[in-house]
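The values are calculated or read from the model by the stated rules, or taken from the named source; none is laboratory data. If you're wondering where the values come from, they're calculated on a predicted model, not measured in any experiment. Here the Cβ positions follow ideal geometry from the backbone for every residue, glycine too, while neighbour counts run over all protein chains shown. With ligands, DNA and RNA removed, areas are computed over all heavy atoms of the protein, side chains included. Shrake-Rupley method; radii C 1.70, N 1.55, O 1.52, S 1.80 Å.
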Amino acid sequence: MLDVRRLQVLRAVVTGGSVSAAATALGYTPSAVSQQVAALEKQTGTALLERAGRGVRPTAAGRLLAEHAAVIERQVAEAGTALADLLAGRSGSLTVRYFATAGAALVAPAVAAFRREHPGVRLDLGMTDPEDPLEDVLRGRADVAVVVRPHGGEHPGLRLVPLLDDPYRAVLPRGHRLGARRVLDLADLAGEPWVGSERTGPCLDTVLDACAEAGFRPGFAVDSEDYPTAQGFVAAGLGVALVPLLGLARRHPGVIVRRLRAPEPVRAVHAAVRTTAWGQPALAQLLASLREAARAARV
């Protein structure tokens, strides 16, 4: 492989027209320049310079290598600029994963704000794996995932950044006997048929744990794994449901929504980041945008 440093010395000689001019430009001695050119000629097995009056001129091989040296110099400069942009968060790419309600309420406004400030960073957006939303981050297939996890939980290799607490609300059919009350005790729903709104996982665990604290286990009459469908079943009078606030952006006209207490179920929404990726500028700026979107969602 050709020595890049020697190629740059050769280019300086060709550009300057003499060994002494190259030595001045590079801050070398003329002897050191001559030695570098001689070593390159030995490596290539051909003459690269020839005498021309008081100076030198390149042979065909010397001209060819000097031209390639110029290209290498430009590419090295471009690489330095690209690296500086990456380290400053002006370029690069980020892969973001999220669950449905977080996508609409948090990720969409966060990405819009991030792109206005960092148009040079490419974003790959997609839904999390419902079975294991942290796997893509752990495996390096995603840079950040918006997930529901309890506060204070530990996950080796990951750092969880709290975004917001998303409280659940009781969703009742219009005309329900409890509808006259503004706030319900969770135990008030113990004897009601329930419409399931969550699939197995941390969100359902949040609901079941709260019900256990209130002293009962809900009796599910209908299973549904999304909030709009659950609201439709409730509106049809098939039961009551618990739906988090982020899932109530669009409310079915046939339901009423009431606050809960004793206890109030709350799911904790976090951004999961790989520990080894923590501190990367573009990632840090995206997390800041997510936190800002979360603050706006609380208002």
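Ranked by the mean number of other Cβ atoms within 10 Å of their residues, highest first, the peptides 6-13, 63-70 come out as 6-13, 63-70. In the chain, the longest principal axis of the Cα atoms and the axis of helix 108-117 are about 30 degrees apart.
For the chain, a Gaussian network of Cα nodes joined below 10 Å ranks T206, T128, T44 by mean-square fluctuation, and the top entry is T44. Charged side chains reduced to their Cβ positions (Lys and Arg at +1, Asp and Glu at -1) give segment 178-299 a dipole of some 520 debye around its Cα centre.
For R115 and W278, the FRET efficiency from 1/(1 + (r/R0)^6), where r spans their Cβ atoms and R0 equals 25 Å, is about 0.65. Which one, T101, L48, L87, is farthest towards the positive end of the dipole of segment 34-112 when Lys and Arg carry +1 and Asp and Glu -1 on their Cβ? After comparing all options, I get L48.
Full-extension gain between F220 and A288, please, as 0.36 nm times their residue separation minus the C-alpha to C-alpha distance.
Contour length minus Cα-Cα distance gives 20.5 nm.
Counting every pair of alpha carbons in segment 93-202, the share spaced more than 16 Å apart comes to 69 percent. Calculate the dipole size of segment 1-79 relative to its Cα centre from +1 charges on Lys and Arg beta carbons and -1 charges on Asp and Glu beta carbons; express the result in debye to the nearest 20. Using Cβ point charges on Lys, Arg, Asp and Glu, segment 1-79 gives about 200 debye. Residues in segment 20-170 average 56 Å² of solvent-accessible surface per residue, probe 1.4 Å, ligands and nucleic acids excluded. For the chain, modelled as a GNM whose springs connect Cα atoms under 10 angstrom apart, the maximal fluctuation among G239, G175, G16 occurs at G16.
Note on the chain: dipole from Cβ charges, positive end direction compared against A70, L287, A39; the farthest Cα belongs to A70. May I ask for the angle, rounded to the nearest 10°, between helix 30-44 and the longest principal axis of the chain, with both axes built from Cα atoms and the value confined to 0 to 90°? Taking Cα atoms only, the helix is inclined about 80 degrees. Taking the 1.4 Å solvent-accessible surface of the chain as the whole, the part contributed by carbon and sulfur is 53%.
Could you size up the charge dipole of the chain around its Cα centre, putting +1 on the beta carbon of Lys and Arg and -1 on that of Asp and Glu, and report it in debye to the nearest 20?
Numbers: 35 positive and 30 negative charges, 216 e Å.
Using Cβ point charges on Lys, Arg, Asp and Glu, the chain gives about 1040 debye.
The label point for L83 and the one for A25, both projected 7 Å from the Cα toward the Cβ, are 2.4 nm apart. When Cα Rg over 2.2 N^0.38 Å is calculated for this entry, the matching label among (i) 1.00; (ii) 1.13; (iii) 1.69 is (iii). The alpha carbon gyration tensor of segment 1-134 gives principal lengths a ≥ b ≥ c with a/c of 1.5 or higher and a/b greater than b/c, which makes the shape prolate. Over all other residues within a Cβ to Cβ distance under 9 Å of S93, the charged ones net out to -1, with Lys and Arg as +1 and Asp and Glu as -1.
With r defined as the distance between the Cβ atoms of E213 and E131 and R0 fixed at 30 Å, what FRET efficiency is calculated, to the nearest 0.05?
Details: r = 27 Å, r/R0 = 0.89.
The pair E213/E131 has a calculated efficiency of 0.65.
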